[in-house]
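Values quoted throughout were computed directly from the atomic coordinates according to the rules given, and no laboratory measurement underlies them. None of these values were measured; they are calculated from a predicted model. Cβ coordinates were reconstructed from backbone atoms using ideal geometry, including for glycine residues, and neighbour counts include every protein chain displayed.
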Amino acid sequence: MKKDKDIKNYSAAELKAKRRVSRTDLRKVDATTDVDLERLIAEDEDERGLVPDWTRAKLVLPQARQSVHLRLEKEVIAFFKSQGKGHISRMQAVLKAYVEAHREQGK
């Protein structure tokens with residue numbers, strides 16, 4: 001497979017540094033009035049004629065989580081913590097993916 005000239009590789013440190021630099025002109029955003037915003041939306045080709053239908057909207061509330069006491073091996077905790085903040089959420093995501101994969105096998 002040939003290397004695409006538009007694909008760039010970055011290290012984690014380089015990506016983190018890039019995230020710190022915002023190209024958003026916040027003064028321009030703050031200065032935009034509601035009237036200006038409506039005009040910009042009306043001029044946007046992708047938004048033109050778009051009328052959202054809220055009659056079929058459904059409120060979907062997140063499921064309540066149950067608190068459990070769980071003893072895990074040190075290496076499992078260390079692995080998830082080494083990936084940074086949010087290690088509990090990542091553990092939850094892994095467990096949920098496991099459950100969904102096994103649910104599909106049972107069907």
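Just to verify a number: FRET efficiency for Leu50 and Ala12, C-beta to C-beta distance, R0 = 41 Å, to 0.05? Kindly include the intermediate steps, with their values, before the conclusion.
On the way: r = 38 Å, r/R0 = 0.93.
The calculated FRET efficiency here is 0.60.
Sorted from fewest to most neighbouring beta carbons within 10 Å, what does the list Ser67, Ser11 look like?
Values: Ser67 5, Ser11 8.
Placing the least packed residue first, the sequence is Ser67, Ser11.
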Residue by residue through region 65-73, the couplings from Karplus 6.51 cos²θ - 1.76 cosθ + 1.60 with θ = phi - 60°, in Hz, x for Gly and Pro, are 9, 9, 7, 9, 9, 9, 9, 10, 5
Candidates Arg27, Arg65, Arg90; GNM for the chain (alpha-carbon contacts under 10 Å) flags as most fluctuating Arg90
Sorted from fewest to most neighbouring beta carbons within 10 Å, what does the list Asp36, Asp53 look like?
Asp53, Asp36
Out-of-range pairs (alpha-carbon distance over 25 Å; input Lys8/Lys74; Lys18/Lys81; Lys8/Lys28)
Lys8/Lys74; Lys8/Lys28
Label points 7 Å out from Cα along the Cβ direction at Gln92 and Arg39: separation in nm?
4.5 nm
